[in-house]
Amino acid sequence: MDNAKLQDEALEWFVRLRGQEVDQPTLHAFERWHGRSSRHAQAYLAIEAMWQSRAFKSAISEFSEVAGIERIHKQKPRRSRALKQYVCLAAAGLATIMVCVWTLPEVILHWRADYVTVAGQQTGVVLPDGSKMTMNTDSAVAINFHDGHREVTLLQGEAFFDVRHDAMHPFLVTGPFGITKVTGTAFSVRTDRQQDRVILERGHVDVRLRSGDGGHTQLDPGEMVTASYQQLSGVKKSDPSIALAWRNGRLVFDAQPFTDVVHELSRYYAGRVFIIKSGLEKSLVSGNFRLDDIESAFRTLSESCGVTITYLPGGTIFFR
């Protein structure tokens, strides 16, 4: 179920149970909804946690002063329903704001992006100058092509570029931390919360930081570099046939920690994945996994490492 819809339902039940006298049919209906999956229970728990938070109680206090709730509260008990209605209105308003805050980053991302992929999806795009872009899982880009200017902003995820040569008009890929400049080449850029990673397959690229005076680095084929907020890393060797195997529907690992492998595979999985067994970062994994059946990859991984895998409703997976 879509997260926003689930949160809306949780909020509706929360306000409904506090805004009226609850009869048995209503209570039974709520229990059926609450017990449908762990995600339903967690969504309702999140609303309850917000209700108990200091920020919410402070807001209720301020709302009470403005609305005169304290005066109503001191009157006869028959007016208590008015108090409950005021509090429920406040709860509904603040909870709605919280739902908006939870979903706002994704809304803003989609608003800024020209192209978006979801978890497990890859798509090819022919850019206005004839260059080709292949977007990997859960990625978003914005493009800016006009009067010879060629620029792609990688907002999230990863993309591979096969750039049409044009010596007069450089091709720029801007990530959160670095800018890659080329005239005609083939390379990938991947970003996360800590860094941008550039891998060159063919040609030459120039990579520099977006902020500060961090200099720049030039790559030759089979090399990679990462850009963080403060610095560029040293140039390292990278085999594009392995690092960029996702373009052929595979992920290849060579003696990588179990936790890193699970993290990488989970990028292609729409549900949530948790590792609750300690020490798995010491278990090394080598393998070649298909991207069109990530759950099978998880099962193979758990069997090879002697780890128990548990599936919960809503697509949640635990390694334990």
Per the Cauchy relation, a quarter of the hull surface: what is the mean projected area of the convex hull of the alpha carbons in region 119-204, in nm²? 5.1
Can you give me the Cα centroid spacing of region 144-185 and region 125-141 in angstrom? 10
Ala142-Glu48 FRET efficiency (beta carbon distance; Förster radius 25 Å; 0.05 resolution): 0.05
Using the Cα gyration tensor of region 255-297, with a ≥ b ≥ c the square roots of its eigenvalues, what is the shape: rounded (a/c below 1.5), prolate (a/b larger than b/c) or oblate (neither)? oblate
Identify, among Ser304, Gln218, Trp246, the residue whose Cα sits farthest towards the positive end of the charge dipole of region 192-320, taking +1 on the Cβ of Lys and Arg and -1 on the Cβ of Asp and Glu, with the dipole about the Cα centre. Ser304
For region 187-295, just say rounded, prolate or oblate: build the C-alpha gyration tensor, square-root its eigenvalues into a ≥ b ≥ c, call rounded for a/c under 1.5, and beyond that prolate if a/b exceeds b/c, oblate if not. prolate
Based on the Cβ-Cβ distance of Arg164 and Asp260, what FRET efficiency does E = 1/(1 + (r/R0)^6) give at R0 = 41 Å, to the nearest 0.05? 0.70
Using 7 Å Cα-to-Cβ label points, what is the Tyr311/His216 separation (nm, one decimal)? 5.1
Can you give me the distance in nm between label points at His149 and Ala29, each placed 7 Å from the Cα along the Cα-to-Cβ direction? 5.5
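Each reported figure results from applying straightforward, stated rules to the coordinates on display, with no laboratory input. What you see is a predicted model; the values in this text were computed from it and never measured. Quick reminder, even Gly has a Cβ in these numbers, built from the backbone with ideal geometry, and neighbours come from all protein chains shown.
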